[in-house]
Amino acid sequence: MKLKGLAAATSILALTLTLGACGGSDSDKSTLQKAIDDGKITVGFAGEAPYSFEEGGELQGASVALAKAVFKELDVDDVEGVNTEFGSLIPGLNADRFDAISAGMSILPDRCEQASFGDPEFMYTTALMTKEGKLDGMKNLDDVKKKGVKLATMTGAIESDYAKDLGIKTQQVGTPQDGMDAVTTGRADVFALTAISLNWMEKNTEDSGVEVSDSFVQEIDGVPQVGAGATVFRTDDKELRDEWNKGLEKIVSDEKSYLDVVGDYGFTKEERPDGSITTDQLCKGELPTADS
C-alpha cells in the first residue's frame, strides 16, 4: 500500500509539473517574449544628453527615440527607463535591473566580454569647440597641435587618449559643461569632444558665444579612430538582440527614416552607420587602416 501511495503521489507531482510547464511562467519565457506579452520593456540609461536623458519626467534622447521606434517594430509599445550611472549600466543589465541598455554606449572589446552589443546605431565623430570666430581653420587635432593652442578634453573621454597619442598636453575637465566653460572663460582655446555632444550644447545654450567645427574622424598613426555606439543586451538574450537588429536595419538603412528618428537631437547623416564597420570588428578591436 505504501508503494502504491508513493507511486500515486509521484504521478500527481509529475502531472502538476507538466501542467505548470504547459501553462508557462514568466521565468520560462525569453526576454523578448515576455516584453511582447507585457507590451513593455525596461531600458537602462545614464542621463547623458543627447543620447538618453530625463526631462520633465519623460525619458528622451536619440538612443531612446531609436529604442521606442525599434521596439514598436517588435510589438513592444512601452519603453520604461531606469536612470543609473554610466559605469553601472552593464552590471545593472547583468543583474536583471533592466532588459537592455539605451545610452549610446560605445562598442569596445572589454565591454563586449561582459554583454552583447547590437549593430551600430551611431558613428562617433569628434569636433572642436572654440569661442565664436576663433576656430581659425582648425579641422582636427593635428591642426590643434600645429597651432600650439590650449586644448581641453574630458577625463575618461576618447579625445583625451587621442591627445596623449599625438603628444598634445591637455587641460582635463570633468564634464562637457566644464569644457565649454573653459573655452568661454579663456582657460582653454579649444575643447575636443564628440561632435554630437558639442553641437547639442551649442544649440541648446542661449547666447553660447562658441562655435563648433565640422565633425571629423581623427587619425592616429594612419589609423582612423572609428567608433560606434549601440544598444546592449545580456549575452544570453541572442533572440532579443537578433530581432532588435532586424528592426534597427529598417531605420538605419534609410537616411530619411534615420534622421526622422534622431535628427531632432542633433544627429546628422554623418553619424548614420554605413556598414563599413561592424560590431564584430569593434568588439575585436579591428579598426581598418586609412588605406583599407
Checklist entry - So Thr268 clears everything in (1) closer than 19 Å to Glu113 by Cβ; (2) out of contact with any strand residue (DSSP E or B) (no Cβ under 6 Å at 6 or more places or on another chain) except one condition, right? Which one? => result (1)
Checklist entry - Using beta carbons and a limit of 7 Å, which pairs, at least six apart or on different chains, have the first residue in region 245-257 and under 12 Å from Ala67 (Cα atoms) and the second one surrounded by fewer than 16 Cβ atoms within 10 Å (Cβ to Cβ) and of a type in the set (S, T, N, Q)? => result Ile251/Ser257
Item to check | Hey, Val43 within 15 Å of the chain's Cα centre (by Cα), open to solvent by less than 70 Å² (accessible area, probe 1.4 Å) and either on the phi > 0 side of the Ramachandran plot or at pLDDT 95 or above (or both) or not | outcome: yes
Item to check | Answer residue from region 219-235, given it is of a type in the set (D, E, K, R) and more than 20 Å from Lys40 (Cβ to Cβ) and is nearest to the chain's Cα centre (by Cα) among those | outcome: Glu219
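Conditions (1) in contact (Cβ under 8 Å) with a residue 12 or more places away in the chain; (2) under 27 Å from Tyr258 (Cβ atoms), marked per residue:
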| position | (1), (2) |
| --- | --- |
| Gly92 | yes, no |
| Phe98 | yes, yes |
| Leu108 | yes, yes |
| Met129 | yes, yes |
| Lys139 | yes, yes |
| Asp143 | no, no |
| Val173 | yes, no |
Item to check | helices (runs of 4 or more DSSP H) wholly inside region 66-174 that include at least 2 residues being open to solvent by 70 Å² or more (accessible area, probe 1.4 Å) | outcome: 89-94, 141-147, 158-166
Checklist entry - Can you tell me which residue in region 84-104 is modelled with the lowest pLDDT, limited to those that are touching a Ser or Thr at 6+ places or on another chain (Cβ under 8 Å) and hydrophobic (A, V, I, L, M, F, W, C)? => result Ala103
Item to check | Single condition Ala182 does not satisfy, out of (1) surrounded by fewer than 19 Cβ atoms within 10 Å (Cβ to Cβ); (2) touching a residue at least 12 places away in the same chain (Cβ under 8 Å); (3) touching a Lys or Arg at 6+ places or on another chain (Cβ under 9 Å) | outcome: (1)
Checklist entry - Across region 119-163, what is the total count of residues that are in contact with a Pro (Cβ under 7 Å, 6 or more places away or on another chain), within 30 Å of Leu240 (Cβ to Cβ) and at pLDDT below 95? => result 1
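The values are calculated or read from the model by the stated rules, or taken from the named source; none is laboratory data. The structure displayed is predicted, hence computed values, not measured ones. Don't worry about glycine lacking a Cβ; one is built from the backbone with ideal geometry, like all the others, and counts go over all protein chains shown. Calculation scope for accessible area: heavy atoms of the full protein, side chains included, ligands and nucleic acids excluded. Shrake-Rupley method; radii C 1.70, N 1.55, O 1.52, S 1.80 Å.
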